[in-house]
Structure formats: C-alpha cells, structure tokens
Amino acid sequence: MNYKETVDYLYQATPCYQNQGGDAYKPGLERMQQMCDAIGNPQRYIRTIHVGGTNGKGSTTSLIASVLTAAGYKVGLFTSPHLVDFRERIRINGEMISEEEVVSFVERTRPLIESVGPSFFEYTTLMAFEHFHTHEVDYAVIEVGLGGRLDSTNVILPKLSIITNISLDHTQYLGNTLEAIAYEKAGIIKEGVHAVIGNAGGSVRELFEQVAEERHAPITFCEDEHTIKRYDELHPGMRLDTVDYGLLETPLSGDAQLENAHTVLTALRILDDKVLDKPLTHDEVARGFAELYKLSGLRGRWETISTNPHIVCDTAHNPAGIAVVAHQLEEATYDHLYIIVGMSADKDIDTNLALLPSSARYYFCTTASQRTLPAEELQQRAEAIGLRGRAYPSVEEALQEVLAHANAGDLIFVGGSNFIVAELLKSYPMTQKERPTHQ
C-alpha cells in the first residue's frame with residue numbers, strides 16, 4: 001500500500017472518534033498494553049511529559065515541545081486530532097513522521113489491528129511511541145486524547161504531569177459534573193510524579209489535592225504561582241514580561257492563551273528544577289515561544305491566517321472555549337464581523353450558539369465529517385436565538401461568499417469545530433513565510 005491507501009485502511013479497519021464520535025470511543029488500557037507488550041514496550045524507554053485537561057492541552061503541549069526543541073533537545077510531540085494530514089499527530093522537532101514510516105509501521109503491525117481490534121487513536125498512540133523510541137528522542141510531550149484515567153496514552157510513566165483546566169465537555173463519557181470530569185483527568189497523576197494544575201478551584205482543587213496526596217505526588221497549582229508580570233497584545237500575538245525568562249513574544253493571543261502560557265511557564269520552572277539536564281536560558285525560551293508554529297506545527301488557536309483580508313480561526317468547540325472566543329471577538333476592532341461556523345452534532349450546540357455575538361453576519365457550514373451538524377439545522381437553531389445568516393455546503397463556498405462582500409476594515413472569524421478549521425486550512429493554505437511575525 002502507498003501512504004494514502006494506508007491511511008484509508010486505518011480509517012476503515014479501526015474506529016475513529018474524530019470521524020465517528022462516540023461509536024469509536026474505546027476506554028480502557030488493556031488493548032493498549034497488549035499492543036505495547038507485542039512490540040517491546042517502547043513507551044518505557046522514553047522520557048515523557050503528559051498533558052491533559054479540557055481546553056488548552058494542545059497549545060500547552062506544543063509550546064512545551066517548542067521550548068525544549070529550541071533548547072537543543074530532540075523532542076517528540078504527540079497531539080490530536082489532526083487538521084489536514086494524519087502525520088500532524090506525530091512530530092519530532094516540528095517535523096512530521098514521514099509517509100514511508102507510516103506505511104512501514106502499518107505493514108509490520110497490521111496483525112495487531114486484526115487480533116487486538118484497537119481504536120484509531122490507540123493504534124496511532126502506539127505508532128507515536130515506537131517512532132519516538134526508534135528515533136531516540138530526549139523527551140516526548142504527549143497529549144491526552146480523551147479524559148485521562150482510561151486514555152490510551154496513560155500507559156506511560158512521565159517525568160511531569162500537567163492538567164490545564166476542567167470544564168464540561170464529553171460529559172457522556174467522563175461524567176456530567178466538574179468533579180467527575182476532574183477525577184478522570186486526575187488519572188494521569190502518577191505515584192511520586194510532580195503534577196502541575198493550570199486552573200482549578202473549589203471542590204475540583206480539593207479533588208486534585210486528595211489524589212496527589214494518595215499518590216505521594218508533589219503538586220503545584222498555577223494560581224499560586226507568579227510567572228507573568230504583565231502582557232501586551234501585539235495583534236496578532238502577545239508580549240509577556242515573565243518572572244523567570246524575561247520578555248517573551250508569541251504568535252498566540254487571547255485570554256485562553258495567556259492562561260496556557262502561565263501553565264507552561266510554571267511547568268518550565270519545575271522542569272528546570274527537577275528534570276532537565278541543564279537550565280533553560282532566556283534565548284531558548286524566547287525562541288520556543290516566538291517560533292511556536294515552526295518548531296511544533298501548531299495551528300488553529302486564535303490564529304491569524306491572513307491580514308488582508310483579516311481572517312482569524314480557532315478550533316474551540318465547547319462552551320468554555322467558545323466563551324473565550326466570544327470575548328476575543330468582543331475585544332477585537334473591526335467595521336463588520338463575519339462568522340463562518342459549523343459544529344459537531346454531539347456538542348452542546350445551543351449553549352455554544354448562545355455565547356456568540358448577535359451583531360455578526362453568519363455563514364453556517366457543513367463539512368465532510370459525519371459528525372458535523374447539517375448547516376441547515378445549525379442555521380435553524382441559530383435563528384431561534386437571533387443569529388442571522390445562510391447555510392452553505394462547505395467552508396470554501398462560505399469563504400468565497402464572505403470575501404465578495406468583506407472590506408479592508410472587516411473581521412472574518414472561522415470556527416466552531418476542528419472540522420471547520422481543517423477545511424479552512426485546506427481551502428486557504430498559508431506557508432510559514434507568509435505568516436506575520438514580530439521582530
């Protein structure tokens with residue numbers, strides 16, 4: 001099989017949550033451990049950093065990997081889902097796993113698919129572990145897929161565990177209270193391994209404290225730490241005046257990314273003290289923050305993909321994430337606001353829609369994913385609460401319609417789901433050199 005045939009085979013042979021939703025969810029570590037045993041447990045020979053949480057774990061994971069890469073380490077990065085190419089999930093120092101290596105791994109381990117019956121995510125996790133072990137990475141930064149306790153990534157024993165925050169998402173799998181979700185996320189806290197908690201208060205904090213005490217794990221809550229003295233918006237991006245590493249600039253911006261940066265800076269402080277072979281320098285951290293896109297491959301986090309016209313996209317898809325996006329739109333400066341939006345049918349559609357501004361002109365979209373709510377139904381539910389617009393069969397068609405009407409002072413926002421952002425990036429590609437940077 002060639003690369004395309006191989007990826008097509010994986011989608012057909014393994015249930016994929018990204019495409020199928022809950023029907024593909026396979027909690028539990030038994031299948032994962034069975035497959036790891038079969039190929040020699042590569043995860044045991046990798047120094048890892050484990051990142052979970054409801055929102056922000058992709059940005060946090062990528063930013064830590066970017067800083068460690070800038071510091072001269074060979075760094076594996078495992079994230080999900082991918083937006084355009086399957087290989088985005090598995091990177092070393094920003095470079096995606098090669099097509100040849102994907103094909104070779106599947107050819108060698110295909111019997112495991114047939115005998116164990118893993119999910120798409122379980123098998124991809126296995127591929128990442130072997131790739132990082134084969135290439136002898138110094139560290140691998142591993143993003144949790146869903147939850148934590150029963151997530152397939154949880155077969156690792158990390159050097160540091162990070163939980164970004166807790167909010168209501170995937171309630172049908174993780175529980176319908178913050179405490180129940182926190183319990184699942186806390187599953188990545190390991191015996192004697194330091195844990196960093198990005199944002200947690202009240203009973204959620206108490207739960208994390210209890211789990212950490214039971215597992216003799218040192219724990220640091222970012223709300224107790226002082227890492228950022230001030231910050232300034234750069235449009236796009238932001239400048240941070242930090243306690244430990246001086247002035248830093250990043251292409252990321254917005255309240256959520258400020259919180260993520262605080263979590264990352266707290267984690268870097270602990271890695272510096274307890275894990276890394278040598279202290280991080282200001283120049284290394286500064287490069288890791290500034291060259292995040294290049295060194296990690298991260299996309300779609302309040303990302304400005306064009307300044308003329310001004311197009312911003314974000315993959316936020318649950319109420320906590322959409323609320324941050326809505327605040328960003330409220331703070332932005334523009335003459336007219338156009339919103340191209342689509343959502344997965346298994347999300348809290350009505351709550352998400354209610355958070356969006358009523359003053360915008362809406363372009364409701366469908367994607368090729370079977371999980372996406374049909375654009376016409378999304379339009380009807382939006383109009384019921386006063387959001388006006390039209391339905392379109394694709395992001396590309398909606399974008400072309402917007403571009404025909406938008407002027408220089410207008411803002412075009414694209415989001416609501418990973419699928420919508422993925423289609424935008426396919427139809428409106430942008431190279432690294434074309435992205436605005438700050439000197």
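Points worth noting:
- Annotation: amide H of E249 within the under-5 Å range of L240, A290, sequence separation 5 or more or interchain, hydrogens built in the peptide plane.
- 1.4 Å probe accessible area per residue over segment 1-136, in Å²: 37
- Note on the chain: with neighbouring protein chains present and a 1.4 Å probe, carbon and sulfur make up 47 percent of its accessible heavy-atom surface.
- The modelled label-to-label distance between E396 and M1, using points 7 Å beyond Cα along the C-beta direction, is 2.6 nm.
- In this structure, the pairs whose alpha-carbon distance is over 24 Å, taken from K185/K347; K74/K274; K74/K278; K74/K185; K190/K274; K185/K426, are K74/K185; K185/K426.
- FRET efficiency, D8 to S98 (Cβ-Cβ, R0 25 Å, nearest 0.05): 0.90
- Beta bridges per DSSP with both ends in the chain, % antiparallel, nearest 5: 35
- Extension gain, K274-A345: 0.36 nm per intervening residue step, less the Cα-Cα distance, totals 21.2 nm.
- Spatial separation of Cα centroids for segment 345-422 and segment 231-273, in angstrom: 31
- Pairwise FRET efficiency - N176 versus K74, Cβ, R0 = 41 Å, nearest 0.05: 0.45
- Spin-label pair R388/D85, simplified geometry with 7 Å Cα→Cβ offset, distance in nm: 4.4
- Per residue accessible area of segment 321-369, 1.4 Å probe, in Å²: 41
The values are calculated or read from the model by the stated rules, or taken from the named source; none is laboratory data. Since we're looking at a predicted model, the values are computed, not measured. Counting neighbours? That spans all protein chains shown, and the Cβs are built from the backbone with ideal geometry, glycine included. Each accessible area value is taken on the protein alone, full model and side chains, heavy atoms only, with ligands, DNA and RNA left out. Shrake-Rupley method; radii C 1.70, N 1.55, O 1.52, S 1.80 Å.
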